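Asker: Sharing a structure, written as structure tokens. Questions coming.
The values are calculated or read from the model by the stated rules, or taken from the named source; none is laboratory data. All values derive from a computational prediction rather than experimental measurement. Note: ideal-geometry Cβ built from the backbone for every residue, glycine included; neighbour counts use all protein chains shown. Calculation scope for accessible area: heavy atoms of the full protein, side chains included, ligands and nucleic acids excluded. Shrake-Rupley method; radii C 1.70, N 1.55, O 1.52, S 1.80 Å.
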Amino acid sequence: MMDRWNYDIEVFPNLFCVTFKSVETSEIRVFTIFEEINQLEDLRFFLDKELLLIGFNNLMYDGAVINYLLSQTYYKEITEDIFEFSSSMINTDRFSYNPQFRQYQFPKDVKFKQMDLMKIMAFDKLGVGLKQVAINLKWHRIQDLPLPYDHIVTREELKLIHDYNLNDVLITEKFYYSILPQIELRERLSVLFETDLMNASDSRMANNILENFYTKQSGLDIRQVKDLRTQREQLFLKECIAPNIEFKTNYLKRIKREIEDTLVRKDTGFKYSKTINF
């Protein structure tokens, strides 16, 4: 099994830092780029092995920033470049897949793998952040970013940021252990069905398994399956209403007939709305 590390990053205009904590040994590793400190090559060496990095929203953000950083070489303005990249991700919704950052969010040529606890619990769909998770876990220290995101960090403030970064890693670690049965289930099912379910929510996991069944039975590539659909220019809404839906009052029976007889069209996006007072 790969070595597992919980991790989190912090990005400011003149500072990048990342903290890792080993699941197996509890060892803590911190890598910093700040003023004359540049540990990019140390970070590159650390990540150049079979690792599983565990984070919260790391597939869409933390991991993408690290992958972008690893694609760079040392130069004086590297923190400014990372800050601009991070800001552009946040401004285009860092909680969702974005084609603009595909090569960084889903990189192929890296040895380490990632586990995203936010994805597993579908918290990206629910809008639940790490601070809310910390509250639900009854974590002893709930803290927002201690400085404005665009603040120029001083040497005296460096320890403050490192301390804040470590606290987020410890929250991530606590969350990891709290959902360990769900994680182990995904690991077992990934082996059983020969498909990667590591970062799948419950519904996505079921969907992936069904896709796996269908493609094996049909011999079709999954991309072909996803393109299968019936194209329609129009349809009556009765085609969208299950036959077991029925009402007892004449008023609602009449409303149901009216909806069933409504024709919606593709050129208007198949849109329909109606306000009912009852």
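Asker: Before rounding to the nearest 500, sum -39500 (n - 2.57) across all DSSP H runs of length at least 4 in the chain and divide by the residue total; then give [θ] at 222 nm in deg cm²/dmol.
Answerer: That calculation yields -12000 deg cm²/dmol at 222 nm.
Asker: Right, another one. With a Cα-only, solvent-free Debye model of segment 205-250, what are the log10 I(q)/I(0) values at q = 0.15 Å⁻¹?
Answerer: Evaluating at q = 0.15 Å⁻¹ gives log10 I(q)/I(0) of -0.67.
Asker: Only Lys, Arg, Asp and Glu count, each charged at its Cβ (+1, +1, -1, -1), so figure out the dipole size of segment 189-278 about its Cα centre, rounded to 20 debye.
Answerer: Here the size comes out at about 560 debye.
Asker: Shifting gears a bit: So how tilted is helix 250-260 from the main axis of the chain? Cα-based, degrees 0 to 90, rounded to 10.
Answerer: On a 0 to 90 degree scale, this one is about 70.
Asker: Before I look further, what does segment 12-113 give for accessible area per residue, probe 1.4 Å, in whole square angstrom?
Answerer: Each residue of segment 12-113 exposes 49 Å² on average to a 1.4 Å probe.
Asker: What is the helix-to-structure angle for 158-178, meaning the angle in degrees between its Cα long axis and the longest Cα principal axis of the chain, kept from 0 to 90 and rounded to the nearest 10?
Answerer: The angle comes out at about 50 degrees.
Asker: Please determine, in degrees from 0 to 90 and to the nearest 10, the orientation of helix 202-218 with respect to the longest principal axis defined by the Cα atoms of the chain, where the helix direction is its Cα long axis.
Answerer: In the chain, helix 202-218 runs at an angle near 70 degrees to the longest axis.
Asker: Quick check: pseudo-label points 7 Å beyond the Cα along Cα→Cβ at ASP81 and TYR251, how many nm apart are they?
Answerer: 6.7 nm
Asker: Another one. Would you work out the charge dipole size for segment 1-48 about its Cα centre, treating the Cβ of every Lys and Arg as +1 and the Cβ of every Asp and Glu as -1, and quote it to the nearest 20 debye?
Answerer: The calculated dipole for segment 1-48 is roughly 160 debye.
Asker: Among GLU246, GLU80, GLU173, determine the one that fluctuates most according to a GNM of the chain built with springs between C-alpha atoms less than 10 Å apart.
Answerer: It is GLU246.
Asker: Separate question: Got a sec? Which residues in segment 50-77 would a label at ASP93 touch, if it sits 7 Å along Cα→Cβ and we count backbone N under 12 Å?
Answerer: none
Asker: Looking only at segment 2-20, which residues have a backbone nitrogen under 13 Å from a spot 7 Å from the Cα of HIS140 in the C-beta direction?
Answerer: none
Asker: Extent of the chain along each principal axis, from alpha carbon coordinates, in Å, largest to smallest?
Answerer: Result for the chain: principal-axis Cα extents of 76, 45, 38 Å.
Asker: Now for a different question. If packing is taken as the average number of other Cβ atoms within 10 Å across a peptide's residues, how do 154-167, 195-208, 43-56 rank, most packed first?
Answerer: Sorting 154-167, 195-208, 43-56 by mean packing, highest first, produces 43-56, 195-208, 154-167.
Asker: Share of the chain's accessible area from carbon and sulfur, percent, 1.4 Å?
Answerer: 53 percent
Asker: Between GLU27 and LEU237, what's the calculated FRET efficiency when r is the beta-carbon distance and R0 is 45 Å? Round to 0.05.
Answerer: For R0 = 45 Å, the calculated efficiency reads 0.15.
Asker: At a threshold of 8 angstrom on Cα-Cα distance, excluding pairs fewer than six apart, so keeping six or more, what relative contact order does the chain reach in percent?
Answerer: That works out to 17 percent.
Asker: I'd like to know which of GLY55, ILE9, PHE85 lies farthest towards the positive end of the charge dipole of segment 1-102, counting +1 on Cβ of Lys and Arg and -1 on Cβ of Asp and Glu.
Answerer: GLY55
Asker: For segment 1-85, what are Rg and Dmax over the alpha carbons, in angstrom?
Answerer: Every Cα atom of segment 1-85 included, Rg and Dmax give 12.5, 38 Å.
Asker: Here's a follow-up. Positive end of the charge dipole of segment 151-278 (Lys, Arg +1 and Asp, Glu -1 on Cβ, about the Cα centre): tell me which of CYS240, SER190, TYR177 has its Cα farthest that way.
Answerer: Going by the Cα projections, it comes out as CYS240.
Asker: Rounding to the nearest 20 debye, state how big the charge dipole of the chain is about its Cα centre with +1 on each Lys and Arg Cβ and -1 on each Asp and Glu Cβ.
Answerer: Once rounded to the nearest 20, the dipole reads 1840 debye.
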